[in-house]
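Notes for the one structure printed next.
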Amino acid sequence: MTVRKKYILPSIKISLVFIVICSVLYPLFIAAIGKMAPGQGKGETLSVNGKVVGYANIGQKFDKDKYFWSRPSAVAYNAAGSAGSNKGPANPDYLKDVQAHIDSFLVHNPGVKKEDIPAELVTYSGSGLDPDLSPAGAKIQVRRVADARGLSGDKVNELVEQSVEKPFLGIFGPARVNVLKLNIALDNLK
């Protein structure tokens, strides 16, 4: 038996089969699953009065006191350049950024102690586009938002509680609050 028949032809056949599976069938399967997702695989858009105000799965910058703030973004919430910070936790520039976020948060949230600020509110997410906060990250902002809007803290806290999304199937991932959805609901409060 020649080397060609024993090794080369079967290798070519296997390669062609895997090219079809990996380059055609798998992408078509994933695209079909995406079409069943909210937004048909293009992302879940959120609208107010018929106008698209953002995507549920992409973080946005909120810096007014009357809104809940998102996580800081190393890429200024630019989805085309998704990335976290390349600076390590001991990098002096990174530490300056974190301290600046802490100082800004404390100025806008009087009465909050530095040690009570959840880390997610002063550090960058891995993608720079994280749309969610932990319930604690939202609740620590309730007083500021309520004062800025002239609402009771209880009413705003109740809205945060209603906005908490539980872990998928009760076990996968943490509880979270989508900041854009929360701020839209906040604007709709009477």
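Considering only the stretch 156-190, how many residues are basic (Lys, Arg) and surrounded by 13 or more Cβ atoms within 10 Å (Cβ to Cβ)?
So the answer is 2.
Given the conditions (1) of a type in the set (A, V, I, L, M); (2) over 21 Å from residue 61 (Cβ atoms); (3) without any contact (Cβ under 8 Å) to a residue 24 or more places away in the chain, which single one is not true for residue 142?
Here residue 142 meets the rest and fails (2).
Could you list, in sequence order, the residues of the stretch 62-81 that are in contact (Cβ under 8 Å) with a residue 24 or more places away in the chain and not in a loop (DSSP other than H, G, I, E, B)?
Those that are in contact (Cβ under 8 Å) with a residue 24 or more places away in the chain and not in a loop (DSSP other than H, G, I, E, B): 79, 81.
Kindly indicate which of 74, 79 is under 12 Å from the mean Cα position of the chain (by Cα) and either within 15 Å of residue 132 (Cα to Cα) or aliphatic (A, V, I, L, M) (or both).
Answer to the selection: 79.
Could you say which residue among 160, 122 is under 15 Å from the mean Cα position of the chain (by Cα) and of a type in the set (A, V, I, L, M)? Walk me through it before giving the result.
Values: 160 fails: under 15 Å from the mean Cα position of the chain (by Cα).
Selected residue: 122, the only one of 160, 122 that is under 15 Å from the mean Cα position of the chain (by Cα) and of a type in the set (A, V, I, L, M).
Starting from residues that are outside any helix (DSSP H, G or I) and of a type in the set (A, V, I, L, M), keep the ones in the stretch 14-47 and report whichever is nearest to residue 188 (Cα to Cα).
The extreme case among them is 46.
Could you say which residue among 52, 24 is loosely packed, with under 11 Cβ neighbours inside 10 Å, without any contact (Cβ under 8 Å) to a residue 40 or more places away in the chain, assigned by TED's automatic domain parsing to the domain that holds residue 145 and out of contact with any Lys or Arg (no Cβ under 9 Å at 6 or more places or on another chain)?
Checking each option against the conditions leaves just 52.
Residue 152: surrounded by 13 or more Cβ atoms within 10 Å (Cβ to Cβ) and hydroxyl-bearing (Ser, Thr, Tyr), yes or no?
Taking the combined requirement at face value, the residue does not satisfy it.
Given the criterion surrounded by fewer than 14 Cβ atoms within 10 Å (Cβ to Cβ) and either of a type in the set (Phe, Trp, Tyr) or not in a helix (DSSP H, G or I) (or both), identify the matching residue among 84, 88.
88
The values are calculated or read from the model by the stated rules, or taken from the named source; none is laboratory data. Note that the coordinates shown come from a computational prediction; the quantities given were computed from them, not determined experimentally. Cβ coordinates were reconstructed from backbone atoms using ideal geometry, including for glycine residues, and neighbour counts include every protein chain displayed.
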